[in-house]
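Working notes, beginning with the structure itself.
Nothing in this text is a laboratory measurement; each read-out follows from the coordinates by a stated rule. All figures in this text were calculated on a predicted structure; none of them were measured in a lab. Note that each Cβ is placed from the backbone with ideal geometry, even for glycine, and that neighbours are counted across all protein chains shown.
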Amino acid sequence: MRLAFALRALPRDLRVREMRVLALALVVAVGALSAVGFFSDRVEHAMERRATTLLGADLVIEDHDPLPPDWGREAEREGLRTATYVTFPNVLVAGEHTELVSVKAVSEGYPLRGRVRVAQVPYGRGEAVAGAPRPGTVWLDPRLFARLDVAVGDTLAIGRKDFRIVGSLAHEPDRAGSLFQLAPRVMFNRADLDATGLISPASRVHHHLLVAGADAAVRGFRSWADAHADGGIEIQGVQDARPEMRSALERARVFLGLAAVMAVVLAGAAVAVAVHAFSGREADASALLRCFGASQRVVIGALLLRLLVVALGASLVGVALGWVAQQGLVALIGAWFGDALPGPSLLPVFTGVAAGLVTLVGFGLVPAMRIRRVPVMRVLRRDQGAPEPSAVALIGVALAAVALLILGQAGDPEMAGWVLLGTIGILALLGGAAWGLVRVVGRLRGHSVTGWRFGLANLARRPRSSAVQLVGFGLGMLALLLLAVVRVDVLDAWQQDVPEHAPNQFMINVQPADVDAVRARLEDADIDPEGFYPMVRGRLVAIDGEAVAPSDYEDGRARRLAERDFNVSWARKHRADNEIVAGQWWSDAANRDKQLFSVETGIADELGIELGDRLTFRVAGQDVTGTVSNLRRVDWDSFKVNFFVIATPATLKDAPATWITSYWAPPESGAAIAHLVRDFPGVTVLDVEEILSQVRGIIHQGTRAVEYVFGFTLLAGVIVLIAAVQSSRDERRIEIALLRTLGASRRRLRSIVAAEFCALGALAGLIAAVGAALTGWAVTDRVLDLPYHFNPWLFALGIGGGAGGITLAGLLATRRLITERPLAVLRGD
Amino acid sequence: MGTTSESVLVASGLGRRVAGPAGDLTILDGIELEVAPGEAIAVLGPSGSGKSTLLGLLAGLDAPTSGDVRMFGQSLGALDEDGRAALRAGRVGFVFQSFQLVPGLSALENVMLPLELAERKQARATARGALERVGLRARLDHLPNQLSGGEQQRVALARAFAPDPALLFADEPTGNLDGRTGEAVIEQLFGLRAERGTALVLVTHDEAVAGRCDRRLRMPDGLLEQAA
């Protein structure tokens, strides 16, 4: 009976305003989620693929010994492309010059992702070349040309084999990682390796296997590799690539997820308001059904079934919309990803429909259930309405649904936590404000019953529906403000993360005596260095007197840090861009003379260093010991010079130091830099322009993707506003008709409606502005770890826009009511 | 029937058709009616005969498809919604079968409504007096859903008479009330009308109630004819 009844009611349901709002809200919610589901899947894969160019592959396997042949076979079995290379240090001799270099012998096919760029002159921008150097030829690091006094076309002996120098290595895609550890690169074909005779069992050789291919195959190979990797083997995937790239990707993912989830929360609010109004409208029919002997279960069952059918249909439409939307997005910015995007899977269809149903149940179940409690007396006394649902139950179930959706969407508990906390906070603010508003305007009651005071007093007369409208308006306005103001600020902050003139070159090995001269030369070339910092090579040998051994650490990076020298600096003053998170900087003179260290938080975690530990570094054969006096957080994305460990000047006063600086070099400064390097042959220049522009590219693409997905949030915000305006429509309709019958002019009716909506709008706008500022702060500062700048326009826009916009929306929504002929309304047509 | 300049209400050739699934449906056709100041007219007829539609047209709550209504000498057809509302304000009272009180307003506030719309001074005091007159002194601050049906209709009576209108429309005022309560309300309605000299157009199917009016008109099939 229930099914037949529900299906019979369906065509009529679709003509009811509330049901349309409900369907529209679900279409938008599911559309947003599945567009992000379809698209971000593809974008993330594309972005990852872009990031793989920093590895030169999708996965890199590194070992001290040659990898067993089954590794390559396994990769080929998975249908993956492979390449290999070995690296080792070597001393080159050319004439009377000798130089320590890092040799890289690469197989055909290297690199699997990205391109090597080779220039005909040292420090030239160069052109992309496909594949490895031809056998018998070599590419040299630009630094080596001056140091070895050679030129392109010359012959250079490496071990027992002569090579022809065919280019200057302008860009090596996978050179990232340990920038400052690299001796100048020399790259030749692996086929020539044996002929050089440089490899002996005692050589410090690193063997690398590169693999690339379809995502599933890479994942399959990775799990095989993880299972077969023993002690010395290290596996690097995209996620292990350079930290700045990782954080750019991570932020893009967080942004997309946030945008989609916000759309769902807003659409959910619209669903709640619409179902509430719909169940109120159904009160008559329910009372009648009950009167004729239907059980509560039949009544609620029929209603839920109708809602479910509409929700299912809307969800399917939403999935279709999501699919179309992601196609539009691909058309819009697909070109930025270079290759064609990988196709979407069918999974988002199912998750989309499931999300639609979760949204309906989460936001609509509690308001719908009130239909059970409609007094049967309503058939006799129409003023006996459906009781209001419990706000606590409504919010509780809705939050559970939101949590479920966020976890399903992003799998990110931190983000889920923040969104939930934000939603609870905003609802508490809106609820509190609604209570306050009703109390304040309640005082106006009785002073007058017509005109704007009547409108204001109406808010107190309908406390429930005022609260519902305030929450609806507040959420809608919040979405609009977030989109209009906070989105721009947050995305700006993100773009500012890599400012236009971020340092794109590092200069290292500047001798203490040359610092002033180098600075002057840079300034002559219109280059403004970020500052010169002393740098001492040191190896951590003991923590609290206990020797540090690489084998103490599980983690590959910690192990590497423990076995290698790294850069230690000294400084008197604390740099503002390094945040002290524990302990104190040596600000007073007395402490400066002590043996103290400041350690970066990341490395402290990995090596298990704590405040107060005594660290011993071996610097130029001498042991230097000091106490950890503070832990510092460093923004590695800034491309500025930073150090894992900084000491007091007293600690390293006898250590041999060179100086380092970073700066933004304009493109035309290449010649000046080349001259400088020739005049100060010890100086090394590292160019990070390529990495910078890749990070910028990802941020740019991410910003566009996020703005697109925010379009759904905007739609959802507008739907909430519509739902909130509609929610009081039936009540207003009768009231307006009555006032009209009693002789109220259109102007007076408008001023009543305007006063009511204006007050609601201004208050909702104020709260939305507070909410938007808090959300902006939470997203920027807490989730994205970017500095947040408060925008005072939020309040002007919130209150002014709220009052103006909601008044306009309210007048538009009630326009028909004001012109309706009163008789039809009063007769209940 | 001739038209006199003193008539508060004159309907001439009044007709109303609505579009139905089987073509146009004529609800009212060629209605002629004149109400003199202070006169009470009852319109009698079975359910569905178009009584309420007629009342709505006479009061300017709906527009006719043919003919015109002159209220206080002013043609309603020449006025827009706003003009008609302004004409009614303070001069026309209403009593509905389903009471039609504004749900969020107290009894007192409901009665104040037409007074304020007509921009009368002392609206509160007048409204209080009107409610006291119908015996609801103790119910001033009650909301409609806190009142019985009889009490709600008495609030509606107070609201209708408070501005001292020249013309009152009543649509089955006892239709939703039991016999005794209905009688009490009718007593009060006719008592107030007699006190104020208000013209009355009363739609009813109750012969006894109609019998208290000066004239009785019957409405079979959308036409209006003088009753015996």
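Residue order for A:Val548, A:Val419, fewest other beta carbons within 10 angstrom first, comes to A:Val548, A:Val419.
Among A:Met187, A:Met262, sorting on how many other beta-carbon atoms sit within 10 Å of each Cβ, with the fewest leading, yields A:Met187, A:Met262.
Coupling constants for segment B:158-175 follow from the phi torsions by the Karplus curve (6.51 cos²θ - 1.76 cosθ + 1.60, θ = phi - 60°), and in residue order they are 4, 5, 5, 8, 3, x, 6, x, 7, 9, 10, 9, 10, 10, 6, x, 10, x Hz; glycine and proline get x.
The amide H of A:Val548, built 1.01 Å from its N in the peptide plane, has A:Ala542, A:Ile543 as neighbours under 5 Å, considering only residues 5 or more places off or on other chains.
Take every DSSP beta bridge whose two residues both sit in the protein assembly as shown, then give the antiparallel share in percent to the nearest 5. Antiparallel: roughly 70 percent of the beta bridges in the protein assembly as shown. Among the DSSP helices (H) of chain A, those spanning at least 30 angstrom by Cα along their long axis with an average Kyte-Doolittle hydropathy of 0.5 or more are A:17-52, A:243-281, A:296-333, A:347-369, A:413-442, A:689-727, A:746-777; this is a geometric and hydropathy rule only. Taking each residue in B:104-116, count the Cβ atoms of any other chain within 10 Å of its Cβ, then average. What number comes out? Mean partner-chain Cβ count within 10 Å for B:104-116: 5. For A:Thr137, the residues whose amide H sits under 5 Å from its own are A:Arg164, A:Asn189, ignoring neighbours fewer than 5 places away on the same chain, with H placed 1.01 Å from N. Placing +1 on the Cβ of every Lys and Arg and -1 on the Cβ of every Asp and Glu, with no other charges, gives segment A:131-174 a dipole of roughly 180 debye about its Cα centre. For segment B:67-84, putting each phi into the Karplus relation 6.51 cos²θ - 1.76 cosθ + 1.60 with θ = phi - 60° gives couplings of x, 8, 10, 10, 10, 6, x, 10, 6, 5, x, 7, 10, 8, 3, 5, x, 5 Hz, in residue order, rounded to whole numbers and with x for Gly and Pro. The ranking of A:Asp635, B:Asp80, B:Asp171 by Cβ neighbour count inside 10 Å, starting from the fewest, reads B:Asp80, A:Asp635, B:Asp171.
Computed from phi, the 3J(HN,Hα) profile of segment A:78-94 under the Karplus parametrisation 6.51, -1.76, 1.60 (θ = phi - 60°) reads 6, x, 8, 7, 9, 8, 9, 8, 10, 10, 7, x, 7, 9, 8, 10, 9 Hz, with x in place of Gly and Pro.
Based solely on its DSSP helices, what 222 nm [θ] is calculated for chain A when runs of n ≥ 4 H residues each add -39,500 (n - 2.57) and the sum is averaged over all residues, nearest 500 deg cm²/dmol? Taking each H run of at least 4 residues, the total per residue is -17000 deg cm²/dmol.
What order, most packed first, do the peptides A:120-127, A:92-99, A:735-742, A:32-39 have when packing is the mean number of other Cβ atoms within 10 Å of each residue?
The peptides rank, most packed first, as A:32-39, A:735-742, A:120-127, A:92-99.
Peptides A:215-222, A:715-722, ordered by how many other C-beta atoms sit within 10 Å of their residues on average, highest first, read A:715-722, A:215-222.
In percent, rounded to a whole number, the relative contact order of chain A is 16, using alpha-carbon pairs under 8 Å and six or more apart. Sorting the segments B:210-221, A:311-322, A:346-357 by their mean number of nearby beta carbons within 10 angstrom, highest to lowest, gives A:311-322, A:346-357, B:210-221.
Restriction of the trypsin sites (Lys or Arg not before Pro) in segment A:644-709 to DSSP coil positions whose beta-carbon has at most 13 other beta-carbons within 10 angstrom yields A:Lys653. Peptide A:724-733 is shielded by partner chain Cβ atoms: per residue, an average of 0 of them sit within 10 Å of its Cβ.
The H on the amide N of B:Glu34, modeled in the peptide plane, is under 5 Å from the matching H of B:Ala11, each at least 5 residues off or on a different chain.
Expressed in Å, the radius of gyration and Dmax of the Cα atoms of chain A are 33.9, 111. In this simple spin-label model, placing a label point 7 Å from the Cα along the Cα-to-Cβ direction at both B:Ser12 and A:Arg704 gives a separation of 7.4 nm.
Per residue of B:55-63, other chain Cβ atoms within 10 Å of the residue Cβ number 4 on average.
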